[in-house]
Amino acid sequence: MKGWSKVALGELLRRSDEATVLDPAAEYHEVTIKLWGRGVVSRGKVRGGDVVSVRRVVRANQLILSKIDARNGAIGLVPPELDGAIVSNDFPSFEFRDPERCDAAFMGWLVRSAPFVELCKAASEGTTNRVRIKEDRFLDQQIGLPPLSEQQAIVARLDALAEKTREVEAHLDAVERDSERLVRSYIFHPAGDQAIKRPLSELVQHRPTDISVDRTAQYRFAGVYSFGRGVFPSVVKAGSEFAYERLSTVRSGDFTYPKLMAWEGALGVVPPACDGMVVSPEFPVFSINTDEVLPEILDIYFRTPEVWPALAELSGGTNLRRRRLQPSAFLRYEMPVPPMATQLMVREAFRRTQALKSKHAAIRQANAALLPATLERLFAGSV
């Protein structure tokens, strides 16, 4: 960085104002920009005839930013797949004046750095909810610019580092998928003694609501994520903030689901972190008969995507988004239950899988921080 010459962004960038005449029958990608340097992506396609305001065309490798959120890292290069996409005036884009002076890929890395985000903040002004970047002030900002050969060397090193971090994530994902697949195989494809299908009424017991709501009291709710992501601590609400007269307490090892979203994989065993929290009457709560089935078996089974279509069929309602899985229908559902010896083995494997994920979480956190930290060290003082 020492010796990099300072140059105003306006010497490197030129505002692009390519107008477009939209074909009413054609479809066009619209652009959005993720915060904190996470990329320029399509927000979806729109039919030309449905566009009522002025749009501009953007081209691959142009620098594009959000006037509102550039100060939050919403800036980046237009990827090749969005060449010819359309944007509103809230997303100004810029061409590079001289590719022999400034490599677009180098700028693409620079704008993802924390120092450059600070530059965007300095170029923004307005009241709390109306802060916008000022283009002229933005183009007046100066950056340190190394020679083209050094820019290209920096890009090569950063590209290699980014690829390594992607490989680490892919490896961790593959290991976790394989471990989960192995654990599930003991339930869905058991060796030796076959799992016997049993109705849930033999395995769990539906508990009635147990709390009369006090409008002056505070309640900590548990929620259930869709797509097999389990039960989690949710919001705290005063009794005056909702209309339910009754609530249910959930205890670690209970089973619950939201009636509306069960078909989308929103079911799970209550973890220790949610012990003693409450759920609304729209969340039936079940005690598990652990002499017959271990909580981990239920958790693994109902977090499996192949199970969810059957739950959708059991859910009554006028359309998919309004279907409810009633407790009576849930209790009629039959699931394969392995012998207890197999269940104990599955539980041990499941616990090891969870411990592995905890270790992976620390690795993922360090891996995710590596590239931003490298960018900050590399570009500190250059912006």
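The values are calculated or read from the model by the stated rules, or taken from the named source; none is laboratory data. These figures come from a predicted structure and were not determined experimentally. Neighbour counts are summed over all protein chains in view; Cβ atoms, including those assigned to glycine, are modelled from backbone coordinates with ideal geometry. The area values use the complete protein model at the heavy-atom level, side chains included, leaving out ligands, DNA and RNA. Shrake-Rupley method; radii C 1.70, N 1.55, O 1.52, S 1.80 Å.
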Open item on the list: For the list (1) of a type in the set (A, V, I, L, M); (2) free of Cβ contacts under 8 Å to residues at least 40 places away in the same chain; (3) more than 20 Å from LYS67 (Cβ to Cβ), I need the number of the one condition that ALA122 fails.
Closed with: (3)
TODO: Look through the range 7-40, keep the residues that are in a strand (DSSP E or B) and among the aliphatic types (A, V, I, L, M), and return whichever of them is nearest to SER93 (Cα to Cα).
DONE: LEU13
Open item on the list: Tell me whether the range 124-131 contains one or more residues that are more than 22 Å from the chain's Cα centre (by Cα) and either closer than 23 Å to SER382 by Cα or modelled with pLDDT of 95 or more (or both).
Closed with: yes
TODO: Within the range 91-106, identify whether any single residue is of a type in the set (A, V, I, L, M) and under 27 Å from the mean Cα position of the chain (by Cα), and answer yes or no.
DONE: yes
Task: Criterion violated by VAL168 - all others in (1) of a type in the set (A, V, I, L, M); (2) under 22 Å from ILE288 (Cβ atoms); (3) part of a helix (DSSP H, G or I) satisfied - done: (2)
Open item on the list: Looking at ASP17 and the list (1) open to solvent by 80 Å² or more (accessible area, probe 1.4 Å); (2) at pLDDT below 95; (3) under 30 Å from GLY381 (Cβ atoms), which single condition is not satisfied?
Closed with: (3)
- [ ] Enumerate the helices (runs of 4 or more DSSP H) found wholly within the range 271-382, keeping only those where 1 or more residues are open to solvent by less than 60 Å² (accessible area, probe 1.4 Å) and under 30 Å from LEU158 (Cα atoms).
- [x] 340-379
Task: ARG112 of a type outside the set (Gly, Ala, Ser), over 24 Å from VAL51 (Cβ atoms), touching a Leu at 6+ places or on another chain (Cβ under 7 Å) and in contact (Cβ under 8 Å) with a residue 60 or more places away in the chain - done: yes
Open item on the list: Between VAL7, VAL57, VAL46, VAL21, which is more than 30 Å from GLU163 (Cβ to Cβ) and over 29 Å from the mean Cα position of the chain (by Cα)?
Closed with: VAL21
Task: Members of the range 110-134 found to be in a helix (DSSP H, G or I) and open to solvent by less than 40 Å² (accessible area, probe 1.4 Å), listed by number - done: LEU110, PRO115, PHE116, VAL117, LEU119, CYS120
